Amino acid sequence: MWDGQNIICLDVEVATSPDDLATGWNDLAALGLSIGGYYHYRDQRVHWFDRQTLRATITELVAQQPLMISFNGIAFDFALMRAVLYALDGRTTTVLEIGAAFEALAAQSYDLLAEIWAVTGRDFARGNSLDALSQHNGLGAKTGHGAQAPRLWQEGRIAEVVNYCQQHILLTCRLAELIATRHGYLSRPAGDLELRYLCAAGADMPHIVKSCPIPF
């Protein structure tokens, strides 16, 4: 739908189970990063990164300035990437500048869950999970749960974690595309919503709008 454009869909998986931490999901640096990836519409490929390549990946994204699509990326995925970056490389002036630039890029992203919560309030129980929304809209079910991924990673079942992360990325892409083609309409078991969405206007990169004057 947006092939060739500077748009990515991103997801990350944690290295440590929140059940093993007194802070649960709240300490992002302690959760760590096992694997992360993003689908780039420009080359129609999934690109992977880990702890060793995190700084290079964030630096590259800051340089490329893509429109980033995620599902809870602002509060979790992008924030975790910054927290792990600081934990690995320290809070030097250069690293803080990279982190601040990435935070600014994330603030301009299209976060599907943030868009939903802006209308419904923060509530997963109302069928707002990626799995529930994907199934309800005919996109298929997720193959697992994010809380299982660190267990699989620690057991050396790397391929399963990579496959899970890739499915999460692609479902996020498909859901964002579906909302765009429906001009912001999202069907849910708990009640349909009208959301902001990505609108293509001429040759420009899609931008987030509430109403789209030029249909796809």
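The values are calculated or read from the model by the stated rules, or taken from the named source; none is laboratory data. All figures in this text were calculated on a predicted structure; none of them were measured in a lab. Glycine also receives a Cβ, built like all others from the backbone with ideal geometry; neighbour counts cover every protein chain displayed. Side chains are part of the model used for accessible areas, which takes the heavy atoms of the whole protein and leaves out ligands, DNA and RNA. Shrake-Rupley method; radii C 1.70, N 1.55, O 1.52, S 1.80 Å.
About the Cα centre of segment 57-165, how large is the charge dipole given +1 on each Lys and Arg Cβ and -1 on each Asp and Glu Cβ? Please answer in debye to the nearest 20.
Dipole size: approximately 240 debye.
Which order do you get for 117, 153, 2, 48 if you rank them by accessible area with a 1.4 Å probe, largest at the top? Please report the intermediate quantities before stating the final value.
Values: 117 30, 153 70, 2 0, 48 95 Å².
Of 117, 153, 2, 48, the descending order of accessible area is 48, 153, 117, 2.
Could you look at the chain and say what percent of its accessible area is carbon and sulfur, using a 1.4 Å probe and all protein chains? Working shown, then result.
On the way: 4910 of 9660 Å².
Of all accessible area on the chain, carbon and sulfur atoms account for 51 percent.
Just the number please: accessible area per residue for the chain, 1.4 Å probe, all protein chains included, in Å². Before the final figure, lay out the partial values.
Values: 9660 Å² over 216 residues.
For the chain, the solvent-accessible area averages 45 Å² per residue.
Taking amide H positions as placed in the peptide plane 1.01 Å from N, state which residues far from residue 15 in sequence (5 or more) or on other chains have amide H under 5 Å from it.
32, 33, 34
Taking a 1.4 Å probe, which of 16, 53, 172 shows the most accessible area, and what order do the others take after it?
On the way: 16 35, 53 60, 172 0 Å².
Descending accessible area places them as 53, 16, 172.
Just grab the label-to-label distance for residue 100 and residue 210, each label 7 Å out from Cα along the Cβ direction, in nm (one decimal).
3.2 nm
Only Cα pairs under 8 Å and at least 6 apart count here; give the relative contact order of the chain as a rounded whole percent. Don't skip to the answer; put the middle values down first.
On the way: 340 pairs, mean separation 45.8, N = 216.
Answer for the chain is 21 percent.
Could you give the length gained on full extension between residue 87 and residue 19, defined as 0.36 nm per residue of separation minus the Cα-Cα distance, in nm? Walk me through the intermediate numbers first.
On the way: separation 68, 0.36 × 68 = 24.48 nm, distance 2.06 nm.
The residue 87-residue 19 span can extend by a further 22.4 nm.
What's the center-to-center distance, using Cα atoms, between segment 22-64 and segment 134-172 in Å?
16 Å
For a quick check: with amide H placed at 1.01 Å from N, whose amide H comes under 5 Å from residue 72's, ignoring anything fewer than 5 positions away on the same chain?
112, 113, 114
Report, in whole Å, the centroid distance computed from the Cα atoms of segment 68-82 and segment 185-201.
For segment 68-82 versus segment 185-201, the Cα centre distance is 20 Å.
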